[in-house]
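Working notes, beginning with the structure itself.
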Amino acid sequence: MADNLYIASLEPHSGKLVVTLGIMEMLSCRINQLGFFRAISPVAAEKDSHIKLISSRFNVSLEPEQMVGVTYDQARSWIAAGEERRLFREIVRKFKAAEETCDFLLCEGPDITHLSDAFEFGISIRIARELGTPALYVSSALGLSLTQLLENLKVAEKTFKQLQCPLLAILVNRVTPALMDEAATMVKEQCSTDIPIDLMPEIERLNRPTMEEIIEELQADWFGGPRAGLKRDVLDFKVAAMSPANFLDYIEKDDLIITPGDRPDIIFTTLAAITSKNYPSPAGILLSGNLTPADSVVHVLEGIDDMPIPIYRVPSDTYRTVMRATAVTGKLRSDNEHKVARALGLFEASVDIPALEERIRLTPSTTMSPLMFEYSIFQQAKKDRKHIVLPEGNDERILQAAEILRLRDVVDLTILGREDVIKTKAAMLGLKLENVQFINPETSDLRNEFAETFYELRKHKGITMDNAHDVMTDVSYFGTMMVYKDMVDGMVSGAAHTTTHTIRPAFQFIRTPPDVLLVSSVFLMCMDTRVLVYGDCAINPNPNAEQLADIAISSSNTARLFGIDPIIAMLSYSSGDSGAGNDVDQVREAVQIARKRRPDLKIDGPIQYDAAIDATVASKKMPESEVAGRATVFIFPDLNTGNNTYKAVQRSSGAVAIGPVLQGLNKPVNDLSRGCLVPDIVNTVAITAIQAQEVAKK
């Protein structure tokens with residue numbers, strides 16, 4: 001069974017809480033630790049009516065604050081400030097934290113009725129995509145013609161498809177009962193989707209407020225009658241302004257009678273109607289205008305034992321009272337078992353529950369958004385926290401990234417440079433950099449020790465002791481030596497230095513294991529819904545067949561390290577046996593070498609990029625291949641192709657490119673682009689820490 005599900009809606013008043021309640025009831029029979037989560041809540045968690053209902057009814061171990069991503073106020077503020085990514089990141093973080101405590105987590109998307117213009121139409125589906133959950137879509141048919149209903153369904157299906165969010169099922173709620181049969185026929189005939197669609201009729205009483213909800217919303221004061229047990233639904237409102245004789249003709253069952261407080265005749269007439277078998281029974285009386293009946297009337301009312309109807313007072317005039325009362329909508333509340341039972345009955349009578357259970361069981365998440373990937377590598381890095389050195393302490397981006405990494409407790413850090421200068425710059429940026437170690441290579445006591453080690457390692461290359469001593473003032477060499485001597489677990493640099501300057505020391509004395517021919521690199525390409533591996537796009541200009549095979553093997557290991565099933569496509573300008581020439585033959589030879597060295601790998605080539613990634617193209621060009629159309633690791637034939645391709649994909653698709661991630665070294669050293677952003681640094685440090693964890697296992 002899938003371990004999460006997202007309930008989305010794109011229309012106001014969809015009634016998705018009924019669906020949420022029904023699915024929770026369905027799952028509670030099969031799941032031990034069942035969790036509930038609201039991506040965006042209209043109020044603080046402890047006041048959220050959905051959370052109160054679900055928590056009280058089901059065995060949810062989460063605290064209220066664990067069940068909310070952000071509030072609407074927080075979301076609006078971040079959207080207005082242009083920090084949309086921060087919004088999604090926080091929702092993902094809170095969702096994943098909640099998910100860790102549950103066997104199954106049901107997530108309810110935001111209610112569009114609470115959203116402002118700052119939110120785009122498809123934000124609910126975008127949240128589902130970022131969370132990587134399969135979705136169930138709840139559509140509202142309230143007040144719509146059948147034509148409008150069908151249009152809404154088609155728009156929703158198109159939006160889910162465009163945003164690449166897996167849609168599990170569609171529930172059409174609040175269909176006019178008289179149109180149910182016709183709507184079911186039309187949906188079946190005109191919706192081409194193979195996604196199951198169930199229809200749920202509008203049940204008026206589910207949306208009608210109770211007497212209790214109205215007096216709470218209007219903050220009415222008790223005047224007489226029962227104070228508790230006010231769970232009776234109010235179906236209509238009657239303003240009593242005419243004479244009692246005429247008023248009686250308008251009374252209906254479950255009415256709320258609204259009348260000025262100086263109309264005792266209406267009060268007594270209503271009480272008489274209740275005791276008479278010839279008239280229906282209203283739900284309550286609301287006295288308006290801040291008026292109180294005369295003392296004699298009050299005395300009469302006080303003498304009535306077990307008064308059958310609640311009477312409340314409000315200070316507003318009759319018109320404003322009516323407007324406020326009619327605006328109150330009914331809610332599913334934990335203390336209203338009758339309404340909850342009605343909602344569950346509606347769901348169970350309308351939805352093919354066995355089919356829905358089967359869809360949930362067969363629809364695990366197949367998506368991985370950039371934010372989900374970021375969250376996963378942070379969590380992986382935290383499991384065994386490593387120590388990373390950042391040589392470029394003079395760069396503001398490095399300091400900002402360091403603050404984030406420490407606040408989130410991802411790694412331990414050492415920053416190279418003058419401590420006083422770094423701390424002054426940090427203070428100017430509003431950073432504290434607590435629990436960070438600072439070392440100045442020029443004055444450090446480690447400099448002589450490092451110089452001696454470097455001299456011993458490189459004297460065969462003509463390095464003198466004086467040369468070695470001078471070299472150790474270079475932050476890249478000093479940081480790499482810290483890695484070599486196990487003072488730290490890895491290094492990340494390159495924000496202010498060239499790639500050659502960053503990685504040359506690692507080539508010189510960290511080097512590669514015996515079974516690795518060369519150091520290579522990959523970029524982790526975070527698309528909207530998945531993460532792909534591109535290699536080599538940064539290091540080796542023109543690898544030969546044996547080197548291409550080595551890059552493929554190293555890239556498969558890197559992919560697996562970050563939770564990506566390596567399905568390797570060796571790219572060329574032709575697919576299978578369709579082409580010939582030195583370049584194609586070299587790729588074909590590389591595949592044979594890789595298969596011989598690692599027969600366990602899924603690898604194929606030569607193959608064109610479109611055939612490697614697109615199942616439709618693959619079925620035509622390489623129908624027998626287990627890689628074509630399914631590739632997750634793409635090995636480019638040379639640096640020119642790889643570097644240009646990753647940048648083209650990054651810039652044209654909006655993909656997040658993390659890297660280059662160096663692979664093949666004995667210990668992890670990673671390079672940054674000089675145009676990197678703070679999130680790039682943060683992600684690269686987390687990746688370096690995970691590589692260090694893998695090294696520690698060997």
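The values are calculated or read from the model by the stated rules, or taken from the named source; none is laboratory data. All values reported here derive from a predicted model rather than from experimental measurement. With ideal geometry, Cβ positions are generated from the backbone for all residues, glycine too; neighbour counts draw on all protein chains shown. Accessible surface is based on the protein model in full, side chains and every heavy atom, while ligands, DNA and RNA are left aside. Shrake-Rupley method; radii C 1.70, N 1.55, O 1.52, S 1.80 Å.
Numbers for the structure displayed
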quantity: Sparse-neighbourhood loop sites, trypsin sites (Lys or Arg not before Pro) in segment 130-235 - DSSP loop, at most 11 other Cβ within 10 angstrom; calculated: Arg227
quantity: Ordering of 581-592, 462-473, 86-97 by burial proxy (mean other Cβ atoms within 10 Å per residue, highest first); calculated: 86-97, 581-592, 462-473
quantity: The chain, dipole about Cα centre (Lys/Arg Cβ +1, Asp/Glu Cβ -1), debye to the nearest 20; calculated: 1160
quantity: By average C-beta atoms within 10 angstrom, highest first, the peptides 59-67, 251-259; calculated: 251-259, 59-67
quantity: Gain upon complete extension [Gln162, Ala341; 0.36 nm per residue less C-alpha separation]; calculated: 60.7 nm
quantity: Kirkwood Rh and Cα Rg combined as Rg/Rh, segment 493-548; calculated: 1.02
quantity: Sequence ranges 300-311, 68-79, ranked by mean other-Cβ count within 10 angstrom, highest first; calculated: 68-79, 300-311
quantity: Restraint check, Lys158/Lys188; Lys96/Lys425; Lys188/Lys621; Lys161/Lys339, Cα-Cα greater than 26 Å; calculated: Lys96/Lys425; Lys188/Lys621; Lys161/Lys339
quantity: Sites Asp470 and Arg385, calculated FRET efficiency, Cβ-Cβ separation with R0 30 Å, nearest 0.05; calculated: 0.30
quantity: Exceeding the 25 Å Cα-Cα cut-off - candidates Lys16/Lys231; Lys277/Lys331; Lys383/Lys647; calculated: Lys277/Lys331; Lys383/Lys647
quantity: Sites Tyr573 and Met186 - FRET efficiency at Förster radius 51 Å, r taken between beta-carbons, to 0.05; calculated: 0.55
quantity: Where labels lie 7 Å past Cα in the beta-carbon direction, separation of Ser653 and Asp265 in nm; calculated: 7.8
quantity: Rounded accessible area per residue of the chain, 1.4 Å, Å²; calculated: 44
